[in-house]
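**Q** Mind looking over this structure? Questions follow.
The values are calculated or read from the model by the stated rules, or taken from the named source; none is laboratory data. These numbers come from a predicted model, not from an experiment. Reconstructed Cβ throughout: ideal geometry from the backbone, glycine too, with neighbour counts over all protein chains shown.
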Amino acid sequence: MHAERRSRTGHSLLAVLLALVLLAAACGGSDGDGEGAGDQASGSSSPSASSVSESASAVAEPTEEAEPADQPETVDEADAVEEAEPEEPLDDTVVIDDSPIDVGRVVALGEDELLANLLAMGITPILTSTNGGDGPVGIERDTAGIEWVQSFEINPEQIAGLGADLLITTQGFVDQAGAEAIIDGLAAEVVVLQEPDIRARVIELGEALGIPERSEALVASYDQALAEARDAVDSSIVVSMASVYDFAYAAWVDGPSAAPATVVDLGVTLSPGPGDLANESFGRVRPISEEQLPLLDGDLLILLQNFELDSESAALEAASDTPLWQAIPAVAADNVVVLDRIGYQGIEGRIRLIGDLVAALEGLS
C-alpha cells in the first residue's frame with residue numbers, strides 16, 4: 001500500500017525580446033505559425049537560442065486594429081531581457097492523504113480516539129467502541145454506517161460473528177475494560193497498541209497498518225498547528241482545568257487526556273500541576289474536596305464537561321452558587337470557559353481544540 005504524494009512546482013517566466021519583435025514587425029517579417037510576443041511571455045519554459053531566433057523572424061501580421069509603428073522603439077538592453085525570480089513555495093501546509101484504503105474488515109476497540117485517527121487515515125472500521133450514548137462523539141468525519149457498541153458493553157460473540165480480518169485496540173482500553181481474556185480469537189489478527197503518548201500511538205498505528213506515511217503526516221499536522229498557535233499565546237498565562245461531575249469535583253493536572261495534554265503542548269502552565277495533589281491518576285485528581293476548589297488558582301479556569309450528560313450540567317449549575325466556588329480566582333474575574341470533555345477526538349480533534357484554547361486564552365478579561 002502506498003500513500004499518494006502531492007507536490008507543488010513553480011513556473012518560470014519567459015523573457016520578452018521586445019526590441020527584436022518590433023524591429024521585425026516594422027520590416028515586414030515573413031508569415032508563419034510562430035508564437036506572438038504575448039504568447040511567449042506566458043510560456044512555461046525558457047526557449048533555446050534557435051527558438052528565440054525563429055520567434056523573432058516568425059511574427060504574425062498586424063491585426064486591423066493595430067497600427068504599424070513608424071520607427072522601432074528603442075529599448076535599453078538591460079530592460080529587453082528580464083529574468084524572473086524563482087517563485088517561493090505557496091506554503092508549507094502538511095498534506096494528509098485520507099483517500100479510502102482497504103485493509104480488510106476492521107474492528108476498532110479503542111473508543112472514539114482510535115476511530116477518529118483511523119478515519120483520518122482513510123480506514124473505515126465495520127465496528128467501533130464509543131463513549132457516546134448515541135454513537136461516536138467528538139468526530140467531524142462521517143461515521144454513518146459504522147456499527148458501534150458502548151465501551152462497557154463489549155459482546156465477544158457479536159464481534160466474533162463479524163468475521164473481522166483485523167481487530168485494533170489499545171493497552172489502555174484493554175486494561176480499563178478488562179478485555180485481556182476476550183480479545184484473542186475475535187479476528188484473524190489482533191493488534192494491541194502500546195504507546196501511551198498520542199503522537200507515538202498514531203505512528204504505531206500507521207506502522208501496524210502498513211501506511212506510515214499517513215500517520216506521520218497526521219502527527220506533523222498537529223505539530224504544525226501547535227507551532228502556529230504558540231506564536232499567538234502568552235505563555236505566562238496560568239490555566240486551571242477541572243470537571244464538575246454529578247458526584248464529585250476533579251482537577252486535571254496533566255495528560256494524557258486531550259485537553260490537559262494539548263494545553264501542556266502549547267507551553268502553558270497548569271495549576272495545580274503534576275504532583276501537586278494526591279490521588280493523581282492519568283493526569284486527573286478525583287475527587288477534590290470543596291475546600292480545595294480555591295487551589296484552582298489559574299488566570300483562566302477551563303471546565304471539561306460531558307455535554308451529553310444532563311446530570312453534569314445540573315451539578316455545575318448547583319456548584320456555581322456556592323461561596324467556595326465563587327472564591328476561585330478565575331470565577332471571580334469571569335474568566336471561565338466550558339469545553340466538551342469528549343468533543344475533541346483523535347489528532348484532528350486536538351487540532352480543533354487548539355483553536356478553541358487559543359480563542360479562550362486571547363479572550364481573557
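**Q** Using the structure shown, decide if residue 130 is β-branched (Val, Ile, Thr) and either under 26 Å from residue 181 (Cα atoms) or modelled with pLDDT under 95 (or both).
**A** yes
**Q** Scan the stretch 254-270 for residues that are more than 23 Å from residue 112 (Cβ to Cβ) and either surrounded by 19 or more Cβ atoms within 10 Å (Cβ to Cβ) or basic (Lys, Arg) (or both) and report the count.
**A** Count: 2.
**Q** Within the stretch 183-280, considering only helices (runs of 4 or more DSSP H) that don't extend past its boundaries, which have at least 3 residues that are over 21 Å from residue 107 (Cα atoms) and charged (D, E, K, R)?
**A** Those helices (runs of 4 or more DSSP H) span 212-230.
**Q** Determine which member of the set 220, 251, 208, 188 is buried (at least 19 other Cβ atoms within 10 Å of the Cβ) and in contact (Cβ under 8 Å) with a residue 24 or more places away in the chain.
**A** Among 220, 251, 208, 188, only 251 is buried (at least 19 other Cβ atoms within 10 Å of the Cβ) and in contact (Cβ under 8 Å) with a residue 24 or more places away in the chain.
**Q** Mind checking whether some residue in the stretch 342-365 is among the acidic types (Asp, Glu), closer than 29 Å to residue 111 by Cβ and assigned to a helix (DSSP H, G or I)?
**A** Yes, the stretch 342-365 has at least one match.
**Q** Say we look at the stretch 321-365 and pick out the residues that are of a type in the set (Ser, Thr, Tyr) and more than 30 Å from residue 139 (Cα to Cα); which of these is surrounded by the most Cβ atoms within 10 Å (Cβ to Cβ)?
**A** That would be 322.
**Q** Any residue at all in the stretch 283-293 that's at pLDDT 95 or above, under 26 Å from residue 112 (Cα atoms) and acidic (Asp, Glu)?
**A** no
**Q** Here's a follow-up. Could you tell me whether any residue of the stretch 298-314 is of a type in the set (D, E, K, R), in contact with a strand residue (DSSP E or B) (Cβ under 6 Å, 6 or more places away or on another chain), crowded, with 17+ Cβ neighbours inside 10 Å and in contact (Cβ under 8 Å) with a residue 12 or more places away in the chain?
**A** Yes, the stretch 298-314 contains at least one residue that is of a type in the set (D, E, K, R), in contact with a strand residue (DSSP E or B) (Cβ under 6 Å, 6 or more places away or on another chain), crowded, with 17+ Cβ neighbours inside 10 Å and in contact (Cβ under 8 Å) with a residue 12 or more places away in the chain.
**Q** Continuing with the same structure: Of the conditions (1) surrounded by 13 or more Cβ atoms within 10 Å (Cβ to Cβ); (2) at negative phi; (3) not aliphatic (A, V, I, L, M), residue 289 satisfies every one except a single condition; which number is it?
**A** (1)
**Q** Sort out which residues of the stretch 315-341 are touching a residue at least 24 places away in the same chain (Cβ under 8 Å) and not in a helix (DSSP H, G or I), and write them in order of number.
**A** Passing the criteria: 322, 327, 328, 333, 334, 335, 336, 337, 338, 339, 340, 341.
**Q** Another question, if that's okay. Determine if the stretch 286-308 includes at least one residue that is within 30 Å of residue 232 (Cα to Cα), among the basic types (Lys, Arg) and outside any helix (DSSP H, G or I).
**A** No, because not a single residue in the stretch 286-308 is within 30 Å of residue 232 (Cα to Cα), among the basic types (Lys, Arg) and outside any helix (DSSP H, G or I).
**Q** While we're on this one: So residue 228 fits all but one of (1) under 22 Å from residue 113 (Cβ atoms); (2) surrounded by fewer than 15 Cβ atoms within 10 Å (Cβ to Cβ); (3) of a type outside the set (S, T, N, Q); what number is the exception?
**A** (1)
Every residue, every condition in (1) at positive phi; (2) under 16 Å from the mean Cα position of the chain (by Cα), yes or no:
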residue	(1), (2)
178	yes, no
182	no, no
204	no, no
223	no, yes
237	no, no
242	no, no
247	no, no
252	no, no
